[in-house]
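Here's the structure we're looking at; comments come further down.
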Amino acid sequence: MTRDQTDRKAGAAALREVEAMLATRWPESRIEPSLERIHDLVDLLGNPQHAIPVVHIGGTNGKTSTARLADELLRELGLRTGRFTSPHLESITERICLDGEPLEAGRFADVYAEVAPYLRLVDSRHDIRLSFFEVLTAMAFAAFADAPVDAALVEVGLGGSWDATNVADGRVAVVAPISVDHTEYLGDTIEEIATEKAGIIKPGSFVVLASQTEAAAEVLLRRSAEVGATIAREGLEFGVRTREVAVGGQLLSFDGLAGHYDEVFLPLHGAHQAQNAAAALAAVEAFLGGGRDALDPDAVRAAFARAGSPGRLEVLRRSPTVLVDAAHNPAGARALADALTDEFAFGSLVAVVAALRDKDVRGILEALEPVVEAIVATENSSPRALAVDDLAMLAREVLGEGRVHRGATLPDAIEVAVALAERDAPMGGGGVVVTGSVVTAGDARRLLRGRA
């Protein structure tokens, strides 16, 4: 065994130990709205979140893709970047990236070891221990400050005002489209949810607002005015000027904050990804020049041409085509349905759906119903997975008995879906989309990646 192999094996073992220790803490699905614990922790660490300029990315859908796109562009322009996103698809190391790459397993474990003594101290001071997400947030800021990075792209975990990432003061705050999700914590109305998410808008910051409903926009604009933030709105100060479907993606032109950018190829599918790219572009313009200076158009083209967003309308197999998408709420499912209609021409499309029981699964199914021939209900690997029988019952209520099938496991469900797609499109052109949860997307990638 070579030295590199030995190091990788040791790193993998250390990572498994860290994951086991993190698993003893509250999961991301359980929240106690407070910044006291995370403030206590980062204070002990020397407030690393203040050592680096931050682009803070909130909203409901599109946060991770926007972060990845902005990351690509900043690196193309010569900056060293850190990126913190959640949840992960396959490995926890994906959440903390330096220069576009996840931390190596050994380095991830080392960062945990550096903060571990402080975790015990903070835990002892509070009635509730630090959560899984709070620990990861502190680890990300510590890793970025240690690197150091020139810019950190930081995705909100849940909400905004009391999300652990909000100990940072973003130079730029990006608010992706807001829709109804996590109502048990954020509220039942768009206004309540937008109020929580507006908490990342800090005094004197630059705010990039993706397209919003009137109710959400009113809340966000009011918060921006209260703290003296500069505002840029999609459709007014920036946006997608033209969009054409192209082989492997789309060809775009953008109106940026300070310039126009034409003939930009984006190898991602869907109008929503074009909008994410527009927001990422505006965020970088704001970060580097306060929105006054245009970027090098060739740098924009080069960065976006190599962009990727794993688990977002990603093709994992062909003949028939099997795609995976992490849509996990009705708004995400509607964007998926629109992209499938606009950019693919399947003779027959079957959806494999596995979702979490605390999500609006009926809303997801209703969004998919007009664009799929059938649904195969199954379960993903999450302990919060909705049971296959319960999901199938919901699906029958939405689609009718004859269009619903079931698979006890994800491999079984994909096999059933492939057979259905090939049966209904015997001359080729059948397709399968695996969706319903980020966990489902990750499970499918582990199962199928490398077989495309």
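For the list (1) surrounded by 16 or more Cβ atoms within 10 Å (Cβ to Cβ); (2) in contact (Cβ under 8 Å) with a residue 12 or more places away in the chain, I need the number of the one condition that Arg396 fails.
Status for Arg396: all satisfied but (2).
Residue-wise test of (1) part of a helix (DSSP H, G or I); (2) of a type in the set (Phe, Trp, Tyr); (3) closer than 21 Å to Leu448 by Cβ.
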site: Asp338; (1), (2), (3): yes, no, no
site: Glu366; (1), (2), (3): yes, no, no
site: Pro370; (1), (2), (3): yes, no, no
site: Val376; (1), (2), (3): no, no, yes
site: Asn380; (1), (2), (3): no, no, yes
site: Val416; (1), (2), (3): yes, no, yes
site: Ala421; (1), (2), (3): yes, no, yes
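Looking at segment 379-392, is at least one residue in contact (Cβ under 8 Å) with a residue 40 or more places away in the chain and more than 20 Å from Gly311 (Cβ to Cβ)?
no
How many residues does segment 310-328 contain that are surrounded by fewer than 22 Cβ atoms within 10 Å (Cβ to Cβ) and part of a loop (DSSP other than H, G, I, E, B)?
The qualifying residues number 3.
Quick one: which of Leu186, Leu257, Leu236 is closer than 26 Å to Arg334 by Cβ and surrounded by 15 or more Cβ atoms within 10 Å (Cβ to Cβ)?
Every option except Leu186 fails the conditions.
What is the number of the single condition among (1) touching a Gly at 6+ places or on another chain (Cβ under 9 Å); (2) crowded, with 18+ Cβ neighbours inside 10 Å; (3) within 21 Å of Arg306 (Cα to Cα) that Gly249 does not meet?
Result: Gly249 passes all but (1).
For Ala302, state whether it is at negative phi, surrounded by 18 or more Cβ atoms within 10 Å (Cβ to Cβ) and not in a loop (DSSP other than H, G, I, E, B).
no
Tell me the residue from Arg241, Arg233 that is closer than 27 Å to Val180 by Cβ, modelled with pLDDT of 95 or more and part of a strand (DSSP E or B), please.
It is Arg233.
Does segment 60-83 contain at least one residue that is farther than 24 Å from Asn380 by Cβ and at pLDDT below 95?
Checked against the condition, which is being farther than 24 Å from Asn380 by Cβ and at pLDDT below 95, segment 60-83 yields no hits at all.
Please specify each residue of segment 366-389 satisfying the condition of being over 22 Å from the mean Cα position of the chain (by Cα) and closer than 17 Å to Asp412 by Cβ.
Within segment 366-389, Ala374, Ile375, Val376, Ala377, Thr378, Ala387, Val388, Asp389 meet the criteria.
Does at least one position in segment 343-360 carry a residue that is without any contact (Cβ under 8 Å) to a residue 60 or more places away in the chain, surrounded by fewer than 22 Cβ atoms within 10 Å (Cβ to Cβ), in a helix (DSSP H, G or I) and assigned by TED's automatic domain parsing to the domain that holds Val416?
Checking segment 343-360: not a single residue is without any contact (Cβ under 8 Å) to a residue 60 or more places away in the chain, surrounded by fewer than 22 Cβ atoms within 10 Å (Cβ to Cβ), in a helix (DSSP H, G or I) and assigned by TED's automatic domain parsing to the domain that holds Val416.
I'm trying to understand the selection: among the residues of segment 22-33, which are surrounded by fewer than 13 Cβ atoms within 10 Å (Cβ to Cβ) and either assigned to a helix (DSSP H, G or I) or without any contact (Cβ under 8 Å) to a residue 40 or more places away in the chain (or both)?
If the condition is that a residue be surrounded by fewer than 13 Cβ atoms within 10 Å (Cβ to Cβ) and either assigned to a helix (DSSP H, G or I) or without any contact (Cβ under 8 Å) to a residue 40 or more places away in the chain (or both), then Thr24 is the only one that fits.
Here is a check on your reading of the model: is Glu285 assigned by TED's automatic domain parsing to the domain that holds Leu209, part of a helix (DSSP H, G or I), of a type in the set (Asp, Glu) and in contact (Cβ under 8 Å) with a residue 12 or more places away in the chain?
yes
Kindly evaluate Arg223 against the criterion of being among the basic types (Lys, Arg) and not in a helix (DSSP H, G or I).
So Arg223 does not fit the description; no.
Restricting attention to segment 208-218, and to residues there that are within 19 Å of the chain's Cα centre (by Cα) and not polar (S, T, N, Q), which single residue is surrounded by the most Cβ atoms within 10 Å (Cβ to Cβ)?
The selected residue is Val208.
Can you find even one residue in segment 66-73 that is surrounded by 13 or more Cβ atoms within 10 Å (Cβ to Cβ) and under 16 Å from Leu136 (Cα atoms)?
no
Can you tell me how many residues within segment 34-45 are surrounded by fewer than 24 Cβ atoms within 10 Å (Cβ to Cβ) and touching a residue at least 24 places away in the same chain (Cβ under 8 Å)?
Within segment 34-45, residues that are surrounded by fewer than 24 Cβ atoms within 10 Å (Cβ to Cβ) and touching a residue at least 24 places away in the same chain (Cβ under 8 Å) number 8.
Take Ala413 and decide whether it is touching a strand residue (DSSP E or B) at 6+ places or on another chain (Cβ under 6 Å), closer than 30 Å to Arg30 by Cβ and not β-branched (Val, Ile, Thr).
yes
Taking the criterion of being touching a Pro at 6+ places or on another chain (Cβ under 6 Å) and assigned by TED's automatic domain parsing to the domain that holds Glu237, would at least one residue in segment 288-308 satisfy it?
no
With respect to the numbered conditions (1) under 30 Å from Gly187 (Cβ atoms); (2) among the β-branched types (Val, Ile, Thr); (3) modelled with pLDDT of 95 or more; (4) not in a helix (DSSP H, G or I), which one is the sole condition not fulfilled by Ile52?
Exception for Ile52: condition (1).
Looking at segment 1-55 only, could you name the residues that are closer than 22 Å to Val438 by Cβ and among the small types (Gly, Ala, Ser)?
Ala20, Ala23, Ser29
Which count do you get for residues in segment 394-433 that are within 28 Å of the chain's Cα centre (by Cα) and of a type in the set (A, V, I, L, M)?
So the count comes out to 11.
The values are calculated or read from the model by the stated rules, or taken from the named source; none is laboratory data. The structure presented is a predicted model; accordingly, all values stated were derived computationally and were not measured. Methodologically, a virtual Cβ is constructed for each residue, glycine included, from the backbone with ideal geometry; neighbour enumeration extends over all protein chains shown.
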